[in-house]
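Working notes for the structure below.
The values are calculated or read from the model by the stated rules, or taken from the named source; none is laboratory data. Being a predicted model, the structure only gives us computed values, none of them experimental. So basically every Cβ, Gly included, is an ideal-geometry build from the backbone, and we count neighbours across all protein chains shown. Calculation scope for accessible area: heavy atoms of the full protein, side chains included, ligands and nucleic acids excluded. Shrake-Rupley method; radii C 1.70, N 1.55, O 1.52, S 1.80 Å.
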Amino acid sequence: MAKPMVKKGVQRILLCGFMGCGKTSVGQALSFRLKWEFLDTDAMIEKREGRKIPEIFAQDGEAAFRQMEAQTAASLGRRRNTVISTGGGFLMQPETVKALRENGGGFEAIVFLDCSFETCYRRIQTSDRPLVRNNTKEGLEEIFNARREKYLSVADVVIQNEGIISSTVEEIVENLAIL
Ligand code: S3P
């Protein structure tokens, strides 16, 4: 069951969750449903850098990528009527959450798309994501468990995303009482 939303006047929805939980697919469908703009923080970083994420990790390292995420968080504040899909590690850095909260004016809602590790792993195991390539399945499951606690602590709403996308989208809309 989703935790009920208490915040009113939501203007930005951030989707968070582990790699493969469906942030991009749900984000696109949700933005279509609400007629809001859709942004993806990974795509924003790739566009600004002119490089793909695996290249950024290989050339500059993960710490540099995390800084890029914090900069991206700070740039989201003026966005209105926007659904934002974030990378799986986006909200893991305290400075990223701080930048988001300080620049957001309190109008963003963070939605955690909760999904089992096995479901996420099935979707990401053959991908070129640096964390997937550099970890075993067991290592990834440890990261998943540690991060899940963090997602739960920063999220305003928790929604299960194991079923069909349209149901997840409706559940988000109902929980945020947007329409
Ligand atoms: C990462 C998740 C990726 C991407 C990068 C790092 C992570 O995004 O930001 O590879 O640390 O979990 P997705 O969650 O969209 O795969």
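The table below lists the values:
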{"item": "Scope region 111-133; condition among the β-branched types (Val, Ile, Thr) and either in contact with a helix residue (DSSP H, G or I) (Cβ under 8 Å, 6 or more places away or on another chain) or at pLDDT below 95 (or both); matching residues", "result": "111, 124, 132"}
{"item": "Yes/no for residue 18 being open to solvent by 50 Å² or more (accessible area, probe 1.4 Å) and in contact with a Gly (Cβ under 7 Å, 6 or more places away or on another chain)", "result": "no"}
{"item": "Residue within region 169-177 that is away from the ligand (no atom under 14 Å from the Cβ) and under 16 Å from the mean Cα position of the chain (by Cα) present", "result": "yes"}
{"item": "Breaking point among (1) open to solvent by 50 Å² or more (accessible area, probe 1.4 Å); (2) at pLDDT below 95, for residue 59", "result": "(2)"}
{"item": "Selection within region 133-157 - open to solvent by 70 Å² or more (accessible area, probe 1.4 Å) and farther than 24 Å from residue 99 by Cα", "result": "133, 134, 136, 138, 141, 142, 145"}
{"item": "Residues of region 158-175 that turn out to be among the aliphatic types (A, V, I, L, M) and either buried (at least 21 other Cβ atoms within 10 Å of the Cβ) or at positive phi (or both), as a count", "result": "3"}
{"item": "Test: residue in region 133-150 that is of a type in the set (Ser, Thr, Tyr), closer than 22 Å to residue 89 by Cα and within 18 Å of the chain's Cα centre (by Cα)", "result": "no"}
{"item": "Selection within region 62-92 - open to solvent by less than 50 Å² (accessible area, probe 1.4 Å), in contact (Cβ under 8 Å) with a residue 40 or more places away in the chain, within 14 Å of the ligand (Cβ to nearest atom) and outside any strand (DSSP E or B)", "result": "86, 87, 88, 89, 90, 91, 92"}
{"item": "Of residues in region 124-140 being hydroxyl-bearing (Ser, Thr, Tyr) and more than 10 Å from the ligand (Cβ to nearest atom), the one nearest to residue 15 (Cα to Cα)", "result": "126"}
{"item": "Candidate set: region 49-61, residues that are farther than 18 Å from residue 90 by Cβ and assigned to a helix (DSSP H, G or I); chosen: the one farthest from the ligand (Cβ to nearest atom)", "result": "59"}
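Conditions tested, residue by residue: (1) assigned to a loop (DSSP other than H, G, I, E, B); (2) away from the ligand (no atom under 16 Å from the Cβ); (3) crowded, with 22+ Cβ neighbours inside 10 Å; (4) aliphatic (A, V, I, L, M).
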| position | (1), (2), (3), (4) |
| --- | --- |
| 97 | no, no, no, yes |
| 102 | no, yes, no, no |
| 113 | no, no, yes, yes |
| 122 | no, no, no, no |
